Amino acid sequence: MKIKQEAQERHVLTIMVDNEAGILAKIAGLFTARGYNIDSLTVADITDGHDVSRITIVTHGPPAIIDQIHAQLERLVPVHKVTDLTEVGPYVERELALIKVSGKGENRVEALRLADVFRAKVVDTTTSSFIFELTGSPDKIDSFVGLMKELGLVEVGRTGIVGMIRGASAA
Amino acid sequence: MKTERSGAEILVESLVAKGVEFVFGYPGGAVLPIYDALFGDDRIRHILVRHEAGAAHAAEGYARATGKPGVVLVTSGPGATNAVTGIADAFMDSIPMVVITGQVPTALIGSDAFQEADTIGITRHCTKHNYLVKDPSQLAGIIDEAFRIATEGRPGPVVIDIPKDVQIAQAAWSQVAPQQRNRYNPQVEAPADDIAQAVEMIAAAKAPILYTGGGVINSGPEATRLLRELQKLTGAPVTSTLMGLGAFPADDPAWLGMLGMHGTYESNMAMNRSDLIVCVGARFDDRVTGRLDAFAPNSKKIHIDIDRASINKTVPVDLPLIGDCAKVLAQIIEGWLETGRTKADLTEWNARVDGWKARQSLAYPRRKAGEIMPQFAIERLYALTKDKDPVISTEVGQHQMWAAQYFHFMKPNKWLTSGGLGTMGYGLPAAIGAQLGNPDSLVIDIAGDASIQMNIQELGTATQYRLPVKVFILNNEWMGMVRQWQQLTYESRYSNSYSDSLPDFVKLAEAYGWKGIRIEDESQLDAGIQAMIDHDGPVIVDCLVAKEANCFPMIPSGAAHTDMILYGDEVAGTMDDEAKALV
Ligand SMILES: Cc1ncc(C[n+]2csc(CCOP(=O)(O)OP(=O)(O)O)c2C)c(N)n1
Ligand SMILES: [Mg+2]
């Protein structure tokens with residue numbers, strides 16, 4: 001007997017939640033308990049009173065599962081609103097990455113040149129290394145990291161994305 | 001009037017304010033302040049169980065039989081973990097329940113303190129919501145919200161974990177109800193356009209069926225009434241899940257019996273061949289659908305459910321109506337009447353249904369003289385008790401299915417069973433809770449020889465509170481349901497399913513101060529049942545039944561509704577891995 005696989009879609013969800021203890025565990029746990037995927041998750045409180053947080057989750061799965069994820073999230077008491085940006089679109093998604101590269105001579109010059117092309121900022125430097133800060137779509141970060149692999153990539157830290165609907169109104 | 005009260009006192013006052021009559025509980029170190037606050041307070045009756053699982057199931061039974069939320073009180077650590085099965089059970093079956101758990105003092109949380117368990121973490125995914133209370137001034141508001149969450153929308157269990165210091169610390173308390181947070185507002189009515197479309201679909205159907213579930217019971221007596229009305233207006237036949245039995249009267253000609261794995265042939269065939277399924281408060285559970293790709297292939301589907309997450313979860317539907325069953329049924333009926341609809345001509349459909357009924361799928365073979373067929377025992381139990389309008393609870397196994405098939409229910413809240421989780425040991429404590437809520441009713445736990453041992457200690461609870469609960473054991477000396485599956489799918493290799501070393505249930509009854517009756521032969525059956533009914537106190541009936549009887553009809557796992565096994569009784573065999581892998 002073989003386990004069957006279904007076609008997958010990538011979706012970006014934003015979730016507004018009461019900023020109460022355990023809410024993150026509840027949401028992350030919902031994904032594990034029901035076998036859903038989390039590709040990235042970001043969270044930070046966004047109100048003056050620190051009582052509401054905005055979570056952005058990137059997930060993938062068959063369309064019916066994406067719909068279930070949406071419904072299951074909305075069922076949680078502290079969840080105010082769930083927006084499937086991929087569904088509602090068009091939307092912007094941005095991620096921040098810190099990328100450490102070490103090298104001397106040609107490689108160092110080339111790394112700096114490419115950083116300029118990608119509009120990455122240098123946030124730390126020694127005579128043999130840089131830390132670049134790069135913001136952009138996950139694709140853009142992927143390709144920058146790919147190029148740095150040839151030039152002395154040491155480590156990468158990524159935040160996971162935050163997303164927002166384009167245009168004047170809120171999601 | 002504002003005064004200072006301890007957290008424990010605020011808890012008790014809040015429970016009283018919520019109209020709580022009974023608390024099912026068990027004391028321990030981390031709830032001593034609450035037990036002290038309860039001491040001598042006669043506004044709430046504390047029912048001392050013998051195991052915390054018993055407390056949770058008793059609260060479930062009380063809730064299911066009365067429509068009111070059940071309340072549980074247990075200590076930290078093992079008290080809370082013992083209650084988890086009952087909490088998970090209530091979550092699966094949408095039973096309103098509020099569980100108060102003690103916790104180690106705030107300062108010790110996370111230090112692996114004595115009897116510390118991460119109750120919030122453990123119950124996170126088997127509760128509708130849970131709270132760790134860190135400040136007694138928040139208690140009243142939390143309890144208020146907890147009862148709303150437990151009872152509104154799709155009901156379910158809510159856990160409130162209260163550290164011991166929070167029970168002792170003082171906070172301002174006022175008689176005025178706390179301000180509602182108002183963040184939980186489930187949708188209860190469906191949009192008018194969708195209702196109009198539903199009416200249109202029902203009126204156009206040539207082969208409609210009403211597929212009803214526990215949601216109708218949860219919604220309350222009005223939903224039951226409206227279901228009957230909608231059936232009268234449309235003429236559609238009615239089937240129900242295990243959880244929904246009693247919502248529609250079993251003596252109505254439109255009643256097809258239960259559907260699903262052990263449902264009747266007519267209900268499963270009618271589902272499969274229908275052109276419209278109106279699902280009312282049911283959730284297309286795998287025990288109901290059988291093989292998904294063969295489930296009701298030619299029907300349109302309307303799904304009424306208060307839980308949006310139940311829609312399209314396993315079966316895609318054409319028209320979801322999110323809302324409370326009673327409200328949405330009322331909307332549909334109103335739409336039907338306003339647009340002057342009349343019953344469609346269902347003569348042909350009814351004739352087909354009658355054809356399936358004629359197969360008599362609940363017929364069972366007679367065995368050797370004197371031997372009691374378990375189905376027959378249930379039929380006699382029904383015949384001799386039906387005038388008393390009894391409340392029936394069950395354990396889990398063949399006896400549960402036989403009870404669902406051969407005991408017939410005319411009203412809601414009379415049938416208490418663990419459907420979603422299938423928890424052996426549910427029936428006895430549930431019967432105790434139901435009896436407390438209905439002191440004058442005849443309450444019977446239809447049990448199996450194996451299941452009854454899972455919470456047998458609760459016999460003592462019934463004795464203590466003078467509850468005349470009856471336990472009717474269909475004793476086949478096997479974990480019959482397991483044995484049946486092994487017979488059908490594992491070539492009768494009966495691995496660990498024999499009920500060895502059974503106690504003498506009659507003596508056990510007597511040891512607990514109950515009456516014990518043994519029925520060994522068909523000739524003793526009626527007299528034994530009558531003696532049970534007539535005894536003004538708790539009774540165990542040990543009814544020795546045919547040991548290897550099987551529960552049919554049955555849709556084997558991995559099969560479609562149309563592939564039922566009917567009175568197959570002697571089937572043995574094996575299955576391929578795909579079928580075995582299905583639960
Ligand atoms: C707590 C729990 N453990 C295991 C099971 C699996 N199980 C389902 S039915 C059954 C056998 C029940 O035997 P008995 O109570 O004698 O009922 P019978 O089927 O013989 O009527 C078992 C072990 C379960 N449902 N619940
Ligand atoms: Mg048995």
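Contact order, relative form, for the range A:9-88: 47 percent (alpha carbon pairs under 8 Å, 6 or more residues apart, mean separation divided by residue count). Atom-type composition of the exposed protein surface of chain B places 51 percent of the accessible area on carbon and sulfur (1.4 angstrom probe).
Which FRET efficiency value, to the nearest 0.05, is calculated for B:Tyr465 and B:Glu222 with the Förster distance at 25 angstrom and r the Cβ-Cβ distance?
Details: r = 32 Å, r/R0 = 1.28.
With a Förster radius of 25 Å, E is 0.20.
Determine, for each peptide in A:18-29, B:267-278, B:409-420, the mean count of other beta carbons within 10 angstrom over its residues, then list the peptides with the highest first.
Details: A:18-29: 16.0, B:267-278: 24.6, B:409-420: 22.6.
Per-residue mean Cβ counts within 10 Å order the peptides as B:267-278, B:409-420, A:18-29.
Across the range B:441-583, Cα-Cα pairs farther apart than 20 Å form 54% of the total.
Of the residues making up the range B:125-141, those losing 40 Å² or more of accessible area when the isolated chain is joined by the remaining protein chains, with a 1.4 Å probe, are B:His125, B:His129.
The convex hull defined by the C-alpha atoms of chain B has an orientation-averaged projected area of 27.1 nm².
Here the translational diffusion coefficient of the range A:9-88 follows from Stokes-Einstein with Rh set to the Kirkwood radius across Cα pairs; for 25 °C and 0.890 mPa s it amounts to 195 µm²/s. The distance from the alpha carbon centre of the range B:134-186 to that of the range B:405-443 is 29 Å, rounded to a whole number.
What the phi angles of the range A:63-76 give under the Karplus curve with 6.51, -1.76 and 1.60, with θ = phi - 60°, is a coupling list of x, 5, 6, 4, 5, 4, 4, 4, 5, 5, 5, 5, 6, 6 Hz, glycine and proline written as x.
Assuming R0 = 25 Å, what is the FRET efficiency of A:Ala44 and A:Val92, from their Cβ-Cβ distance, to the nearest 0.05?
Values: r = 17 Å, r/R0 = 0.68.
According to the calculation, E is roughly 0.90.
Look at the stretch B:145-154: the mean tally of other chain Cβ atoms within 10 Å of its residues' Cβ atoms is 1.
Order of B:315-323, A:123-131, B:29-37 by packing, highest average Cβ count within 10 Å first? Provide the component values of the computation, followed by the final result.
Working: B:315-323: 19.2, A:123-131: 12.9, B:29-37: 20.9.
So the order, starting with the most tightly packed, is B:29-37, B:315-323, A:123-131.
Could you tell me the total accessible area buried at the A-B interface, probe 1.4 Å, in square angstrom to the nearest hundred?
Working: alone 10120 and 22700 Å², together 31140 Å².
In total, this chain pair buries about 1700 Å².
With R₀ set to 60 Å, the beta-carbon distance separating B:Ser523 from A:Ile3 gives a calculated FRET efficiency near 0.65.
Greater than 27 Å separation of Cα atoms is the criterion. Which listed pairs, B:Lys18/B:Lys388; B:Lys232/B:Lys327; A:Lys2/B:Lys300; A:Lys81/A:Lys140, meet it? Numbers along the way, then the final one.
Working: B:Lys18/B:Lys388 31 Å; B:Lys232/B:Lys327 18 Å; A:Lys2/B:Lys300 32 Å; A:Lys81/A:Lys140 29 Å.
From B:Lys18/B:Lys388; B:Lys232/B:Lys327; A:Lys2/B:Lys300; A:Lys81/A:Lys140, over 27 Å: B:Lys18/B:Lys388; A:Lys2/B:Lys300; A:Lys81/A:Lys140.
Within the range A:22-57, find all residues whose amide N lies under 19 Å from a label point positioned 7 Å from the Cα of B:Gln187 along Cα-to-beta-carbon. Flagged as within label range: none. Extension gain, B:Glu348 to B:Leu566: 0.36 nm times the residue separation minus the Cα-Cα distance gives 76.0 nm. Among A:Phe31, B:Pro316, B:Tyr364, whose Cα sits farthest toward the positive end of the charge dipole of the protein assembly as shown (+1 at Cβ of Lys/Arg, -1 at Cβ of Asp/Glu, about the Cα centre)? Comparing the listed Cα positions along the dipole, B:Pro316 ranks first.
Under 15 Å of direct C-alpha separation, and excluding same-chain neighbours fewer than eight residues apart, A:Lys26 reaches these aspartates and glutamates: A:Asp18, A:Glu74, B:Asp118. Between B:Leu292 and A:His80, the modelled label-to-label distance comes to 3.5 nm, taking each label 7 Å out from Cα in the direction of the beta carbon.
Here the range A:92-164 is treated as a Stokes sphere of Kirkwood radius computed over C-alpha pairs; at 10 °C and 1.306 mPa s its diffusion coefficient rounds to 131 µm²/s.
Where only protein heavy atoms count, and the probe is 1.4 Å, what is the accessible area per residue for the range A:92-164 in Å²?
Value for the range A:92-164: 57 Å² per residue.
Using the heavy atoms of the protein chains alone and a 1.4 angstrom probe, what is the accessible area of chain B per residue in square angstrom? Mind showing how you got there, number by number?
Values: 21890 Å² over 583 residues.
In whole numbers, chain B has 38 Å² accessible per residue.
Across peptide A:17-25, how many C-beta atoms of other chains are within 10 Å of each residue C-beta, on average? Intermediate values should be presented prior to the final figure.
Values: counts 0, 2, 0, 2, 4, 6, 0, 0, 3.
Mean partner shielding for this stretch: 2.
Post the alpha-carbon centroid distance, the range B:477-542 to the range B:461-475, in whole angstrom. So the separation of the two Cα centres works out to 14 Å.
Look at the dipole of chain A built from charges on Cβ: of A:Phe130, A:Thr83, A:Met16, the Cα furthest out on the positive end belongs to A:Phe130.
If we sort B:530-536, A:106-112, B:547-553 on the protection proxy, mean other Cβ atoms within 10 Å, highest first, what's the order? Could the numbers behind the result be given before it?
On the way: B:530-536: 14.3, A:106-112: 16.1, B:547-553: 20.4.
Peptide ranking by packing, descending: B:547-553, A:106-112, B:530-536.
Counting Lys and Arg as +1 and Asp and Glu as -1 over every other residue whose Cβ lies under 11 Å from the Cβ of B:Gly335, the net charge comes to -4. Here the accessible area is traced with a 1.4 Å probe on the protein chains. For the range A:92-164, carbon and sulfur cover 54 percent of it.
Just subtract the alpha-carbon distance of B:Gln179 and B:Tyr494 from 0.36 nm times their residue separation and send over the number in nm, one decimal. Mind dumping the intermediate values first?
Values: separation 315, 0.36 × 315 = 113.40 nm, distance 5.89 nm.
Full-extension gain reported as 107.5 nm.
Centroid-to-centroid, using Cα positions, the range A:49-124 and the range A:1-36 are 16 Å apart.
For chain B, what's the relative contact order in percent, using C-alpha pairs closer than 8 Å and at least 6 residues apart? Mind dumping the intermediate values first?
Numbers: 1337 pairs, mean separation 82.6, N = 583.
Relative CO of chain B lands at 14 percent.
Counting, for every residue in B:482-489, the Cβ atoms of other protein chains within 10 Å of its Cβ and taking the mean gives 0.
Test of understanding: what is the full-extension gain from A:Glu155 to A:Ala168, defined as 0.36 nm times their sequence separation minus their Cα-Cα distance?
On the way: separation 13, 0.36 × 13 = 4.68 nm, distance 3.79 nm.
Stretched out fully, the A:Glu155 to A:Ala168 stretch lengthens by 0.9 nm.
So which aspartates and glutamates pass the test for A:Lys100, namely a Cα distance under 12 Å, with those fewer than 8 places away in the same chain ruled out? Here the aspartates and glutamates satisfying the reach criterion relative to A:Lys100 are A:Asp124, A:Glu133, A:Glu155. Computed over the range A:117-171, relative contact order equals 20 percent, with contacts defined as Cα pairs under 8 Å that lie 6+ residues apart.
Sorted largest first, the principal axis extents computed over the alpha-carbon atoms of the range B:109-171 equal 36, 28, 11 Å. When the alpha carbon coordinates of the protein assembly as shown are projected onto the principal axes, the ranges are 101, 66, 60 Å, largest first.
The values are calculated or read from the model by the stated rules, or taken from the named source; none is laboratory data. For clarity, every value in this text was computed on a predicted model and none was experimentally measured. Backbone-built Cβ (ideal geometry, glycine too); neighbour counts: all protein chains shown. The accessibility values were calculated without ligands, DNA or RNA, using every heavy atom of the protein model including side chains. Shrake-Rupley method; radii C 1.70, N 1.55, O 1.52, S 1.80 Å.
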